[in-house]
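The values are calculated or read from the model by the stated rules, or taken from the named source; none is laboratory data. It should be emphasised that the depicted structure is a prediction, and the values quoted were computed from it without experimental measurement. A quick note on method: Cβ atoms are made from the backbone with ideal geometry, for glycine too, and the neighbour counts reach across all protein chains shown. To get the accessible areas, we keep the full protein, side chains included, count just its heavy atoms, and leave off ligands, DNA and RNA. Shrake-Rupley method; radii C 1.70, N 1.55, O 1.52, S 1.80 Å.
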Amino acid sequence: MNVVRENLENQTALLRVTVGEADYKEQVEKQLKDYKRKANVPGFRPGMVPMGIINKMYRKSVVADNAYRKATDAAFDYIKENNIETVGDLMPSDKQGEMDFDKGTDFEFVYEIGLAPEVELSLTKKNTITKYIIEPNDDMRKGFRSNYMRRFGKLVDVDAVADDEALTGTLTQGETTIDDAYVGLISLDEEARKPFIGKKVGDTVEVDVNVIYKTPSQRASILGVKEAELEGMDPKYTFTITQIRKFAEPEMNDEFFKLAFPAGDVKSEAEFNAKIDEQVRTELAKETEFKFTNDLRKYLLEKTNLTLPEEFLKNWLYRVNEGKFSMEEIEAEFPQFLDMLRWDLIRRKVMKDNNIEITQEDIKAEAKELAMMQFQYYGMHTVADDMLENFVGSILGNKEEVHKLYDKVGERKVIEAVAAQMKVNEKNVTPEEFQKLA
């Protein structure tokens with residue numbers, strides 16, 4: 001085989017691969033013999049079909065298939081051996097000539113490749129960027145504190161209804177009685193709450209179940225019927241209050257601290273407030289890092305100003321998606337695709353120049369952090385080791401999730417490496433100022 005490279009304009013090149021009979025003959029003969037052994041042709045016993053008939057039936061397609069496969073492998077090997085940086089995939093070229101697989105023996109296959117630009121990225125402390133540090137405000141601290149109060153508070157009995165209490169009572173309508181009916185005033189609007197305000201245990205309130213229970217499933221559950229049976233039912237009931245309870249925040253005592261912080265790192269209200277501040281700052285730091293990553297990515301994209309073989313890439317996207325997207329649809333998303341591709345080239349360059357590696361330990365640590373975030377989302381801030389390990393194992397068993405983790409770890413390491421080479425000016429801002437910047 002022979003491979004010849006022909007550089008074109010617009011960062012593309014042709015690879016002309018000549019395949020001779022000696023390159024594919026052995027494989028073709030082997031495949032045709034296998035066809036002969038398996039062929040089921042009327043008038044001939046299995047395995048006894050003459051080779052002439054087999055050649056007539058299959059040789060052309062077998063030669064074409066094997067020659068093409070050999071040429072494609074040779075093209076990929078050429079790219080690898082010559083360290084050619086490409087974008088997109090190897091594509092058959094429009095300059096491909098006709099080939100006669102019936103009579104020919106030597107064939108020239110023509111492929112087109114997109115050439116990646118060289119990434120020049122020389123950074124010094126003269127290159128500056130701003131990192132915005134968000135300072136928490138009292139509203140944020142109150143929000144985090146309120147979350148703990150809700151999670152570890154409890155309902156206590158009170159004498160009368162004042163605002164958003166939880167009521168238990170009996171619903172009656174004629175001879176129908178429903179005990180232990182629950183009404184949560186917090187879910188009702190101000191108008192719907194009015195009839196309950198000031199009421200005490202033993203008092204009655206005329207209610208409309210369509211108002212106090214918002215969904216058909218709720219009404220059916222309370223009334224002990226199927227949803228289909230609700231239609232036509234009289235919604236008017238008398239509600240007799242048997243219990244009034246109100247949410248009470250936990251006291252700042254040892255019981256609360258042990259429940260909320262089983263690790264034992266919080267034992268006083270001052271330490272609790274410090275922990276709240278720490279958690280707020282941790283959450284805000286994530287927003288800071290997210291914006292800093294985006295800002296640094298934008299900075300590097302503008303600094304390198306990489307040019308790409310755009311027409312080649314459009315055609316490649318159209319072909320590789322097999323017509324799932326029209327050229328107009330590809331055009332609409334193309335600028336974002338180009339920036340994604342440019343960033344990938346920059347990232348690979350930074351990783352290579354800085355010998356950045358992603359280890360299995362890195363991926364497991366990232367999976368553990370992701371698992372803890374999932375648990376915390378559902379209010380579980382402390383998780384048993386075996387439960388955490390099982391969840392981490394399920395993440396690492398998902399190839400798609402692992403790929404995302406590799407990308408996330410890789411990007412973080414790239415950002416850290418680049419930031420270390422530049423001058424990063426930190427600027428404290430309020431959440432409102434940060435929101436405007438973001």
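Note on the chain: GNM, Cα springs under 10 Å; of 136, 309, 235, the largest mean-square fluctuation is that of 235. As a calculated quantity, the FRET efficiency between residue 388 and residue 53 at R0 = 45 Å, using C-beta atoms, amounts to about 0.10. Rounded, prolate or oblate, given the Cα gyration tensor of the stretch 1-60, with a/c below 1.5 counting as rounded? Because a/c hits 1.5 or more and a/b exceeds b/c, the stretch 1-60 counts as prolate. Considering only 44, 325, 261, the mean-square fluctuation computed in a Gaussian network model of the chain, springs between alpha carbons under 10 angstrom, is largest for 44.
Mind listing which GluC sites (Glu not before Pro) in the stretch 247-328 are in a DSSP loop and have 14 or fewer other Cβ atoms within 10 Å?
Numbers: sites: 251, 255, 269, 271, 278, 283, 287, 289, 302, 310, 311, 322, 328; in loops: 251, 322.
Of the GluC sites (Glu not before Pro), the ones in loops of the stretch 247-328 whose Cβ has at most 14 other Cβ atoms within 10 Å are 251, 322.
As a ratio to 2.2 N^0.38 Å, the alpha-carbon radius of gyration for the stretch 332-382 is 1.73.
How much area per residue is accessible in the stretch 131-186 when the probe is 1.4 Å and only protein heavy atoms are counted (Å²)? Please list the in-between numbers first.
Numbers: 3150 Å² over 56 residues.
Per-residue value: 56 Å².
All alpha carbon pair distances within the stretch 123-188 were sorted into 5 Å bins beginning at 0; the resulting P(r) in whole percents reads 3, 10, 11, 13, 12, 10, 6, 6, 6, 5, 4, 3, 4, 3, 2, 1, 1, 0.
Taking amide hydrogens as placed 1.01 Å from N in the peptide plane, the amide H of residue 133 sits under 5 Å from those of 427, 428, 429, each at least 5 positions away in sequence or on another chain. Annotation: lysines with alpha-carbon distance below 17 angstrom to residue 427 (same-chain offsets under eight excluded): 131, 286, 291, 436.
Surface composition of the stretch 98-244: carbon and sulfur atoms hold 47% of the protein heavy-atom accessible area at a 1.4 Å probe. Rg and Dmax of the stretch 35-182, both derived from C-alpha coordinates alone, stand at 39.4, 102 Å.
With every protein chain present, what is the per residue accessible area of the stretch 19-107 (1.4 Å probe, Å²)? Display every interim value, and only then the final one.
Numbers: 6000 Å² over 89 residues.
Per-residue value: 67 Å².
Relative to the globular-protein estimate of 2.2 N^0.38 Å, the Cα radius of gyration of the chain stands at 1.59. The base-10 log of I(q)/I(0) for the stretch 1-101, evaluated at q = 0.18 Å⁻¹, reads -0.88 [Debye formula, identical scatterers on Cα atoms, solvent excluded]. By the Kirkwood approach, averaging reciprocal distances over each pair of separate Cα atoms, the stretch 331-438 gets a hydrodynamic radius of 16.9 Å.
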